[in-house]
Amino acid sequence: MKYRLSNDARPQAMTLLLAAILSIALWFIPFAEILAYPFRIFVTFIHEGGHALAALATGNSVQSLSVAMNGSGETYTTQGGVFSQMIVSSAGYLGAMTYGALLLVLIRRSVAARLVLVGSAAVVFALTTIFGVVKPIMAGTLGTLGGLPFTLGAGLVISAGLFVVARFASARVATFLVSFLAVQCVLNALLDLKTVFFLSSPFAATVPTDAVNMANATGIPALLWSVLWIATSVLILAVAVRQYVGSRRSSLGSASDLSLSSGSTAFSMPALPSASSQVHYDKSV
């Protein structure tokens, strides 16, 4: 599939390229990964939020959502049918990729970067407070969440940081940060899927992953699910890139008025209260 960069996409494409170069460079500079650490945690919130929202959309409830200091995460939901478990299990990695693709499209459609940052801050804040604190209290599982302090602290810091940049930074800085967030979501989703692919190998140690959840629910090997998720993620990215490089006039309607001013099924079932009625979705590192 060939793409031709339209003239009106060149300025934004340059910003996106710089964000991608910086993201990759941070992998190779000693100790520089600490600079990308907050973005890694941001992607974990999006991943776990995908599980939580998919659970709600399929008629289940969410008991808790937590993010660990090492970048992994867990979401516990009530256990639905096979179709429900398939949707919820897939919503983590594909959700992170879709969120990154959505950021790319929003930038390209001239949605103000400040508005995108405020929206992302609201997403992280809602996931932290509703699923990280309120829901565990309601489900009576708050005492079992050893990762609650980090989840709460990280969620509040990230959401506040995004809001501060949206409020006080220049339009150029805000635009670059949105591009960087998009790149981080895309790259981390692909890297996490690569990890799941290797963990799904018959020769790998047994580790609870979303692909293992899918295998337990459907009987189809986890390795095949990881391959399907990788293929779907690449397709999502390809569609987003096609929208990004095309001319606004030939794409979906542009928002000219918003000019750019700038698992409880674990599927290893960890022991939790009422674990038999829960599904546990893991994000491994």
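Which residues does the label zone of Leu35 cover in segment 64-80, counting backbone N under 15 Å from a point 7 Å along Cα→Cβ? No residue passes the distance filter.
Dipole magnitude for segment 99-239: computed about the Cα centre from +1 point charges on Lys and Arg Cβ and -1 point charges on Asp and Glu Cβ, it is near 500 debye.
Throughout, read-outs are computed from the coordinates displayed, never taken from laboratory work. What you are looking at is a predicted structure, and each value in this text was computed from that prediction instead of being measured. Glycine gets a Cβ as well: all are built from the backbone with ideal geometry, and neighbour counts include every protein chain shown.
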